[in-house]
Amino acid sequence: MIHFIIGTKAQFVKMAPLMFLLEQEQSPYRLLDLGQHAALTGAILNDFGIHPQISRISTAHDNVESYRQALPWLLSCARLILGTKKRLLEQHFSSFSGVVLIHGDTASTLLGFYLGKRAGLRVGLVEAGLSSHRLFDPFPEEIIRRHAEHRADFLFAPDSVSESRLRAMGLHGEICNTLYNTGLDAVSLIIQRHNLMATPPDAGSYSVLTLHRLETLTSGRKLRRAIQYAAKLAECIGPVRFFLHGPTRLALERQHLMEMLNDNPAYTLAPLLPYPEFIRQILHCRYLLTDGGSIQEEAAYMHVPCLILRSRTERQHGLGNNARLATFDVKSDCAFLKAVGDDRSGFCNNYDLTASRHIVDFVKRALL
């Protein structure tokens, strides 16, 4: 049996194509939802048209957006890890053996790894091998990914660079190069299912801003710098739609930045959208400003001019083509965005879901 243990929106999105393929093949699988983004889970599954057998850590339906919410969530997961193997296997894996698939570099990645191991199952890490080459930047994501890589049974690298890094580390886990990241499969699948290529009336009239990384939100200096710089860029690139994750809004309020944003006519503040609608917004925007790695990746797939509001990134997607790290020089960054925008090509759908098929086929062979 293939088991998925995931908890965040990005993990659900990037693992959804694997579940989609398993359902197409009528292969049974199970999902343990850790509930880090519990309020979004059902909608994401519906967006992709998948219907897994689900077990949940708790009955709560709220996202974990603050330290106050994180503590009981972490404790509930810890109790399972510290409990008996028999109870965990029966309660959340229906006593099935097999392989657990986890994803990425979040708290849910770490918890999923230890839950899978505590249940006596082999664990595969999807999107392994990425690295900023700085242990504490981004923190704690880089540490979590390295920790899981050293202990996982299977490592699914999204490209040859990541594969080479993993092999050079001499890890015990079996390595599989999936050729590209499953994020492209997710974007392709959602665009096809929801007919997102149709051009809306406001296409090209706005830019998109997102800020949600822990390293940004927990640093008043970094958050203020990003907001102030985006405001300067707005004078050059025009209207900006700022999509606010729950933790982002809380951080902006803590740093007293909401008033500045509300008073700036270039900004439109908007709540987090359902995934298909958000992809539509990115697909048809003028420019993209973000601190997010997954969104950087999605921008590369859709050839959207992208400025990454960070000092470094663990992903190579789009760098030197449609994307670059911000120089925090308005003239230089605006010139880059406009040059890329003038030479922008359209999205080429990749509906064969090759990366996801590589993972599914590899795990099925491991289960024989």
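The values are calculated or read from the model by the stated rules, or taken from the named source; none is laboratory data. The structure displayed is predicted, hence computed values, not measured ones. Cβ atoms come from the backbone with ideal geometry, glycine included; neighbour counts cover every protein chain shown. The accessibility values were calculated without ligands, DNA or RNA, using every heavy atom of the protein model including side chains. Shrake-Rupley method; radii C 1.70, N 1.55, O 1.52, S 1.80 Å.
Before moving on, here are some points about what is shown:
- Radius, Kirkwood style, for the range 298-368 when every pair of distinct Cα atoms is counted (Å): 14.4 Å
- Coil-residue chymotrypsin sites (Phe, Trp or Tyr not before Pro) of the range 178-238, DSSP, other Cβ within 10 Å capped at 16: none
- Sequence of K117, K85 when ordered by accessible area, the most exposed leading, probe 1.4 angstrom: K85, K117
- Pair K331, A39: separation of 7 Å Cα→Cβ label points (nm): 4.4 nm
- Working note: 222 nm ellipticity from helices only, DSSP H runs with n ≥ 4, each -39,500 (n - 2.57), summed and divided by the residues of the chain, gives -15000 deg cm²/dmol to the nearest 500.
- Label-point separation, R193 to E235 (7 Å along Cα→Cβ), nm: 4.4 nm
- Sorting 147-158, 44-55 by average packing, meaning the other beta carbons within 10 Å per residue, from highest down gives 147-158, 44-55.
- Percent antiparallel among DSSP beta bridges (both partners in the range 221-368, rounded to 5): 0 percent
- Linear extension gain, T354 paired with H133, 0.36 nm per residue minus alpha-carbon span: 76.8 nm
- Taking a sphere under 15 Å around the Cβ of R357 and counting the other residues whose Cβ falls inside, with K and R at +1 and D and E at -1, yields a net charge of -2.
- Hypothetical label at E25: residues of the range 187-209 whose amide nitrogen lies under 19 Å (7 Å Cα-Cβ projection): 189
- For the chain, built as a Gaussian network whose Cα springs stay under 10 Å, the top-fluctuating residue of A186, A107, A168: A168
- Translational diffusion coefficient (Stokes-Einstein; Kirkwood radius from C-alpha pairs) of the range 158-248 at 25 °C, 0.890 mPa s, in µm²/s: 142 µm²/s
- Gain upon complete extension [E174, R254; 0.36 nm per residue less C-alpha separation]: 24.3 nm
- Solvent-accessible area of the chain (1.4 angstrom probe, protein heavy atoms only): carbon and sulfur portion equals 53 percent.
- For q = 0.14, 0.20, 0.31 Å⁻¹, Debye-computed log10 I/I(0) when each Cα of the range 213-252 counts as one equal scatterer: -0.32, -0.63, -1.07
- Pairs exceeding 19 Å between alpha-carbon atoms, taken from K9/K85; K85/K117; K86/K117: K9/K85.
- Pair-distance profile P(r), taking every C-alpha pair of the range 207-344, with 5 angstrom steps and integer %: 2, 11, 23, 25, 23, 13, 4, 0
- All lysines inside 18 Å of K222 as judged from Cα atoms, apart from same-chain residues fewer than 8 positions distant: K232
- Value of Rg to Rh for the range 178-218 (Rh from inverse mean 1/r over Cα pairs, i.e. Kirkwood): 1.11
- From the C-alpha gyration tensor of the range 63-155, square roots of 5λ in Å: 23, 19, 9
- 18 Å tail of the calculated P(r), the range 1-136, as % of Cα pairs: 53 percent
- Of the residues Y29, Y67, Y301, the one that moves most in a GNM of the chain with alpha-carbon contacts below 10 Å is Y67.
- Distance histogram in 10 Å bins (all Cα pairs of the chain, percent per bin): 5, 24, 34, 26, 9, 2, 0
- Sequence-distant aspartates and glutamates (8 or more away, or on other chains) whose Cα lies within less than 13 Å of K364: E25
- Working note: Cα gyration tensor of the range 114-181, eigenvalues times five, square-rooted, sorted largest first, giving semi-axes of 18, 16, 10 Å.
- Against the criterion of solvent-accessible heavy-atom surface with a 1.4 angstrom probe, C176, C236 sort, most first, into C236, C176.
- Semi-axis lengths (Å, descending) of the ellipsoid that matches the C-alpha gyration tensor of the range 41-112: 20, 19, 12
- Annotation: amide H of H245 within the under-5 Å range of L211, sequence separation 5 or more or interchain, hydrogens built in the peptide plane.
- For the range 215-296, the C-alpha radius of gyration divided by 2.2 N^0.38 Å, with N the number of residues, is 1.06.
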